[in-house]
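The structure appears below as structure tokens.
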2 protein chains.
Amino acid sequence: MTIVSFFKRASQSLHGSSSHSKLLLLFAVSSGGAVAYADSKQELVRSPDEVNQTELKKKKVVVLGTGWGGISFLKDLDVSAYDVHVISPRNYFAFTPLLPSVTCGTVEARSIAEPVRNIIRKRNGKISFCEAECVKIDATNNKVFCKANFENNVIGSGEFSLEYDYLVVAVGAQVNTFNTPGVKENCHFLKDLEDAQKLRKSVIDCFEKSVLPNLTEEERRTHLHFVVVGGGPTGVEFAAELHDFLQEDIVGIYPTVKDLVKITLVQSGDHILNMFDNRISAFAEMKFQRDGIDVKTGCRVLSVSDKEIAMKMKSNGEVYSVPHGLVVWSTGISTRPVVIDFMEQIGQANRRVLATDEWLRVKECENVYAIGDCATIYQRKIREDIEAIFKAADKDNSGTLTVEEFQDVVDDILVRYPQVEHYLRHKHLRHVTDLLKDPEGHDRKEVDIEGFKQALAQVDSLSKTLPATAQVASQQGTYLSKCFNHMDKSKNNPEGPRRFSASGRHRFLPFQYKHLGQFAPLGGEQAAAELPGDWVSMGHSTQWLWYSVYASKQVSWRTRVLVVSDWTRRFIFGRDSSRI
Amino acid sequence: MTIVSFFKRASQSLHGSSSHSKLLLLFAVSSGGAVAYADSKQELVRSPDEVNQTELKKKKVVVLGTGWGGISFLKDLDVSAYDVHVISPRNYFAFTPLLPSVTCGTVEARSIAEPVRNIIRKRNGKISFCEAECVKIDATNNKVFCKANFENNVIGSGEFSLEYDYLVVAVGAQVNTFNTPGVKENCHFLKDLEDAQKLRKSVIDCFEKSVLPNLTEEERRTHLHFVVVGGGPTGVEFAAELHDFLQEDIVGIYPTVKDLVKITLVQSGDHILNMFDNRISAFAEMKFQRDGIDVKTGCRVLSVSDKEIAMKMKSNGEVYSVPHGLVVWSTGISTRPVVIDFMEQIGQANRRVLATDEWLRVKECENVYAIGDCATIYQRKIREDIEAIFKAADKDNSGTLTVEEFQDVVDDILVRYPQVEHYLRHKHLRHVTDLLKDPEGHDRKEVDIEGFKQALAQVDSLSKTLPATAQVASQQGTYLSKCFNHMDKSKNNPEGPRRFSASGRHRFLPFQYKHLGQFAPLGGEQAAAELPGDWVSMGHSTQWLWYSVYASKQVSWRTRVLVVSDWTRRFIFGRDSSRI
């Protein structure tokens, strides 16, 4: 089955299953609070019996997080079939790919934030939301413990717990400092909107500091030395934004110090944007060189103080310190404490990231799902099942597999083990039966178990870990909502591939990621893009593609209008330099 | 001379005197820093002699503050004639009348902020700006001491001093807590943009807190009890905005608690908006009553804790406490510490507000001017000069004043003592010579000194203190810039009225305030306005007048476009409830 047909099938079932039973937001809370909450809802006139009958049948779904994963899940979930509760420390969804644009005022913070309650309202308000942070998942008792995180004036402790039938963990990840001393205290990050707003203020602060009287030129230069650690898309885009800001706006408003600005981009690998095609890395490095951005590749940061950053060049082992005005740390992600604690409970203590199966279910935890940056899919190896596959395919128990017998199970294999398709593409094989050819490339009529094992021996090496991107999280959320929408139907009509190690079929198709491409804006109205089918595009036209894709991907018409008007405003009036 | 002719004359002189000599921003700092500053400007290729000759002639004007007063002064000042330095802790000008609109997201904070450096750039960059706070004015040595106020990472102490030839104090005022216990710690204010942003977050917080589980209805009500202290235009407008927010947006996004919200407006006087016409007060009180806003007049706040606010009813002396979710304190202003310290230096220690003469010069301090909320004009009483006036008018030294003799000095009197005009209007007298009529209202041919004193005895009681509004500060700034622009010309051609107590004329016309009206938005697309000529206007059409006046009064096209697009956005999409 191809990806397209999977989506077609899933989409049909989705439309077929829309029922409109009513949902009350009661029982959202643990027993103590239920009474109080019910109190405040006396306007909903229903007999208690009616409420109980409708509600008690519904399974309670608790969603942790309102990022890409959580919001995609909520947008497509059939909320009439579940009692849905969302917990997140932020009452808005942020369009994170535009965070670097916020740091220099190209786009306003509010333009890329959509209030969660607006999203909920569009679902007819059948979802309960609490602005709180989940501090513990108790998998044994199917409970989460939460804490509201307000600055002051909260009545009571702000702590509460919530039981669940299904839990969707979409809490995202946190910044990874790799235990580098001083990073936490002295660096800026670019994980969420508040980071971006803080960074914007600090950038303006650096310029205001640099024009204070009684400073030497060297001191002014220090204030205006911006260091970006991490040559990934976020770091590169921030450096590009900063350079644009300098070229287009700073020159006019801080004319006396415009020549003292320096941007340094530190990357531990040999190239920046190394997750992209080589051509893009080279293009970016060339453009940055032309722009005067100092790209230091093969350079590791040892420590960061409030005044200096210490680095080590990998090539010659040289260690040196440079004074800085501001350091942005954008090197990678690590697991959140609440997830680490959860992993310890369920026997995943030795892993670095929470593992799920291909259906996004947390391993060893049937009713907990995890999507987005907080989890990774453990793809089952084909070699673990190879004998079962052979046995299932060898219908006549002849001990050998004919091409015809193999073809009967090929569709199920391709769905269950997507690495097979990657392997075929990698080896430039046209058809999956080409796998059965002998090592010299001649057709074989049949293979025995050893030949079969040999034919698939290299396949598992092509298993890919999905990148920690918005695209992956978003597709996972959408996929999971469809599974939830088919929960009842799929019990009797399983949709998934054949089980080789047992009888019957899997209940759902496993999650399959469809890469739609990736952008890297490089400043000066230029961008690079890697598009599906190994297409690479660079330059001004790509920037316009970037504008149109990012405008269309906004979660609401409101943010779409705001983002486009911000872009327009920047073209007309430039960026705002107020320190607000 | 009428107000119109004064402005016409001033405007003509302004256009006549525009010279275009070049200005360097050097010498902006005390000796130590001058070298460093010069270092960073090597791109300006001029011989040192040339620089010295041009610069040393120019008087150095230091402006403290970038609010209404400071910015109006800068906008019209002939910057080619002075070496201008601006010091302000904020690098932007905020359109303060729209602050209440920011608190609920009707208008975005950045839409009403114009970067000072944008304003400077429009003046061809001939103004130096430092983001710092003036901490001490040393009037004896013509010096101000400043401190840059950045959170971290400032090289050196951030302190510097600046000498001046002329100083313009436009630092504004601070909130007046009347020493009420707990106000500073537990109340929100509405003095600047940061206050408004903080308040916006807190309003959303209150709603998020109120829907947390495990709360009683009473506790939810507490979180949603908003108390506004002060029935002036700011307090009233905030209450109205909050009510609109509730009606238009909250109902949809927090449906479960919408009926628990309560707004209380506490006013110590007998009526809210008591600086407006009675009809407006009554209209506002009626509208608020209809809207369910609890207006408590004749009520004094005794203390505020994080949970409760204690009040005393003036009528019966009853004291009681009510729990609150949030208190906004908007009762009045007091003098900033730096101004109090300055007043002590110049012998004004016993005054509450810094006093200037009618030319906005600080009393006893020839080269220091003060405008806006930080100062008040001490209007000279006519009775102090009455004998000098009589003597000057009595040309023939007859000991009596004829109507003709009086008419000769009338113009000068009207300009020098504006209270005379207020008195005429108050008494419904058509012409100033009507003052000379005898107590029964009959014309007199001439009066002696006693008769003259009697005729003008009541005039001084009509001296008015100007309100602490944006309008006053703005007009003062513009007036002062015109005086500065005429500084040389007026030395030989004084523009002001005749000096009665000495010979000759005053160098400039004294400042005269022209009241252009005042608005009070009341929510629900209704507003009240007091327009010149004692016109009063209320209702929906007034709100549209408000929209057009406030759009037109924006300091730049940029903010104008932003504010109008914010209004449009609110009409289409409603207000944003994200807690950013």
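The values are calculated or read from the model by the stated rules, or taken from the named source; none is laboratory data. Here the structure is a predicted model, which means the values were calculated and not measured. Quick reminder, even Gly has a Cβ in these numbers, built from the backbone with ideal geometry, and neighbours come from all protein chains shown.
Return the residues of the stretch A:209-241 that are in contact (Cβ under 8 Å) with a residue 24 or more places away in the chain, within 8 Å of chain B (Cβ to nearest Cβ) and either surrounded by 22 or more Cβ atoms within 10 Å (Cβ to Cβ) or of a type outside the set (D, E, K, R) (or both); say none if nothing qualifies.
A:Lys209, A:Val211, A:Arg220, A:Thr222, A:His223
Assuming A:Pro532 fulfils every condition listed in (1) away from every other protein chain (no Cβ under 12 Å); (2) closer than 18 Å to A:Glu108 by Cα; (3) within 22 Å of the chain's Cα centre (by Cα); (4) not polar (S, T, N, Q) apart from one, which condition is it?
Every listed condition holds for A:Pro532 apart from (2).
Among the candidates B:Arg300, B:Arg290, which residue alone is surrounded by fewer than 22 Cβ atoms within 10 Å (Cβ to Cβ), away from chain A (no Cβ under 14 Å) and closer than 28 Å to B:Glu194 by Cα?
Result: B:Arg300 is the single residue among B:Arg300, B:Arg290 that is surrounded by fewer than 22 Cβ atoms within 10 Å (Cβ to Cβ), away from chain A (no Cβ under 14 Å) and closer than 28 Å to B:Glu194 by Cα.
Residues B:Val257, B:Val251, B:Val261, B:Val227: which one is within 31 Å of the chain's Cα centre (by Cα) and either over 18 Å from B:Ala520 (Cβ atoms) or modelled with pLDDT of 95 or more (or both)?
Residue meeting the stated conditions: B:Val227.
Sort through B:Arg121, B:Arg117 and tell me the only one that's without any contact (Cβ under 8 Å) to a residue 12 or more places away in the chain and facing chain A (nearest Cβ under 10 Å).
B:Arg121
Against the condition in a loop (DSSP other than H, G, I, E, B), over 25 Å from the mean Cα position of the chain (by Cα), within 14 Å of another protein chain (Cβ to nearest Cβ) and farther than 22 Å from B:Ser72 by Cα, how does B:Arg570 come out, does it pass?
No; evaluated as a whole, the condition is false for this residue.
For residues that are hydrophobic (A, V, I, L, M, F, W, C), modelled with pLDDT of 90 or more and assigned to a loop (DSSP other than H, G, I, E, B), tally how many sit in the stretch A:431-483.
2
What do you reckon, is B:Ser111 closer than 30 Å to B:Phe238 by Cβ, more than 9 Å from every other protein chain (Cβ to nearest Cβ) and modelled with pLDDT of 95 or more?
no
From (1) under 24 Å from the mean Cα position of the chain (by Cα); (2) of a type in the set (A, V, I, L, M, F, W, C); (3) within 12 Å of chain B (Cβ to nearest Cβ), pick out the condition that doesn't hold for A:Val266.
(3)
Could you pull out the residue among A:Tyr513, A:Tyr547 that is surrounded by fewer than 17 Cβ atoms within 10 Å (Cβ to Cβ) and either closer than 28 Å to A:Val168 by Cα or at pLDDT 90 or above (or both)?
A:Tyr547
Of everything in the stretch A:90-108 that's within 12 Å of another protein chain (Cβ to nearest Cβ) and not hydrophobic (A, V, I, L, M, F, W, C), which residue is nearest to A:Met343 (Cα to Cα)?
Result: A:Arg90.
If only one of A:Phe276, A:Phe283 is crowded, with 22+ Cβ neighbours inside 10 Å and either over 15 Å from A:Thr331 (Cα atoms) or not β-branched (Val, Ile, Thr) (or both), which one is it?
Of A:Phe276, A:Phe283, the one residue that is crowded, with 22+ Cβ neighbours inside 10 Å and either over 15 Å from A:Thr331 (Cα atoms) or not β-branched (Val, Ile, Thr) (or both) is A:Phe276.
Assess whether B:Trp546 counts as being within 14 Å of another protein chain (Cβ to nearest Cβ), assigned to a helix (DSSP H, G or I), on the phi < 0 side of the Ramachandran plot and touching a residue at least 12 places away in the same chain (Cβ under 8 Å).
no
When the residues of the stretch B:445-461 are narrowed to those that are out of contact with any strand residue (DSSP E or B) (no Cβ under 9 Å at 6 or more places or on another chain) and exposed (fewer than 15 other Cβ atoms within 10 Å of the Cβ), which ends up nearest to B:Glu387 (Cα to Cα)?
So, considering only residues that are out of contact with any strand residue (DSSP E or B) (no Cβ under 9 Å at 6 or more places or on another chain) and exposed (fewer than 15 other Cβ atoms within 10 Å of the Cβ), the one nearest to B:Glu387 (Cα to Cα) is B:Glu450.
Within the stretch B:140-202, which strands (runs of 3 or more DSSP E) (wholly inside it) include 1 or more residues that are within 11 Å of another protein chain (Cβ to nearest Cβ) and either more than 20 Å from B:Thr331 (Cβ to Cβ) or not β-branched (Val, Ile, Thr) (or both)?
So the answer is B:143-147, B:159-163.
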